[in-house]
Amino acid sequence: METKANYVAVGAFVLACVVGLVVTILWLAGAQYSQEYAYYQTYFKGPVTGLGKGTVTRYNGIDVGRVTDLKFNPADPQSVIVTMQVQPGLNIREDSRASIESQGLTGGSYVEISGGTAQSPVLTARDGQDYPVILAKQSTLQQLEQSAPEVVAKLNIAVTRLNDLLSDQNRNAMSNVLANLDETTTALANRSADIDATIRNANAASADLRAASANLKPTLERVDLTVNKFGKVADDADAFLKGDALAQVSTMIGELRRLVASLTRFSDQINREPTKLLFGDRRKGYEPK
């Protein structure tokens, strides 16, 4: 009996532990599923390689949720609708953008949500939308992929121009230029003595010119003094012409003209009647009786 009682006690204890474990698991699961999440969607254009259910979603680089669903857009076969489950209270803005980023060149992909501005209103679901839709933007790798053909085309053009520059004709021309340059430098080296003599002569001529300019300085000073005197004479003449002296000279010239006219008449009378100067006018006028 005592042995059976021990078995019953052990079995009851084990059963109580199992029940407690089950209750704890159910409680934790209920607490987890009772937590509320916010859901957003975004429409990615083109392939979404690397994304799948459970892919990490980040907001400004911080893990805030995961991808819960991916499906094709029935209205646009080139885009994919990605549904994300994120923490509540993020207040994602209308100018926020979602992109597919990669953790390094060989790392896994994740969805990155960029923070908007404080002035932008909070993003909400519009009519006909199940969840608020975050506008998508191209990732850095996608931008590189799109710009790669243009970059390759420019590289091809550059290589073609480089090949044209290094053509046989241009290389021959460059060789000729270098050869002519070598001949010129050789000739200059051979005539270095003459060049030195020319430089010395130029220096001597420059010294003579400086000496001549020094000797010429007094002459220039005298010329400057003469010019100043002529300027003073011109100023005096201008003052004379603009002053009262010019009017006086004009009056004197008029009087001289009258004097000359009087002397001319007197000379004419003497020429006609020279005796008149000695005896006076001897003609008598008519005397009535």
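The values are calculated or read from the model by the stated rules, or taken from the named source; none is laboratory data. Quantities reported herein were computed from a predicted structural model and do not represent experimental measurements. Methodologically, a virtual Cβ is constructed for each residue, glycine included, from the backbone with ideal geometry; neighbour enumeration extends over all protein chains shown.
Quick one: count up the residues across the stretch 69-106 that are farther than 18 Å from Pro132 by Cβ, of a type in the set (S, T, N, Q) and under 37 Å from the mean Cα position of the chain (by Cα).
Of the residues in that region, 2 qualify.
Return the pair list, or none, for Cβ contacts closer than 7 Å from residues in the stretch 44-59 that are on the phi < 0 side of the Ramachandran plot to residues that are loosely packed, with under 14 Cβ neighbours inside 10 Å, at least 6 apart or on different chains.
Short answer, once both residue conditions are applied: Lys45/Gln78; Lys53/Asp69; Val56/Asp63.
Please enumerate the residues belonging to the stretch 107-131 that are more than 18 Å from Lys53 (Cβ to Cβ), assigned to a loop (DSSP other than H, G, I, E, B) and over 33 Å from the mean Cα position of the chain (by Cα).
Listed by number, the residues that qualify are Gly107, Pro121, Leu123, Thr124, Ala125, Arg126, Asp127, Gly128, Gln129.
Starting from the stretch 161-189, take each residue that is loosely packed, with under 10 Cβ neighbours inside 10 Å and list its partners that are aliphatic (A, V, I, L, M) and not in a helix (DSSP H, G or I), counting only C-beta distances under 7 angstrom and pairs at least six apart or across chains.
Here the result reads none, with nothing in the stretch 161-189 linked to a residue that is aliphatic (A, V, I, L, M) and not in a helix (DSSP H, G or I).
Consider Tyr33 against the criteria (1) at pLDDT 70 or above; (2) assigned to a helix (DSSP H, G or I): it satisfies all of them except one. Which criterion is unmet?
(1)
Return the residues of the stretch 81-121 that are of a type in the set (D, E, K, R) and modelled with pLDDT of 90 or more; say none if nothing qualifies.
Arg93, Glu94, Asp95, Arg97, Glu112
Can you pull out the residues in the stretch 77-106 that are assigned to a strand (DSSP E or B) and not aliphatic (A, V, I, L, M)?
Passing the criteria: Pro77, Gln78, Ser79, Thr83, Gln85, Arg93, Arg97, Ser99, Glu101, Ser102.
From the residues in the stretch 62-76 that are among the hydrophobic types (A, V, I, L, M, F, W, C) and part of a strand (DSSP E or B), which one is nearest to Leu90 (Cα to Cα)?
Applying the filter and picking the extreme gives Val64.
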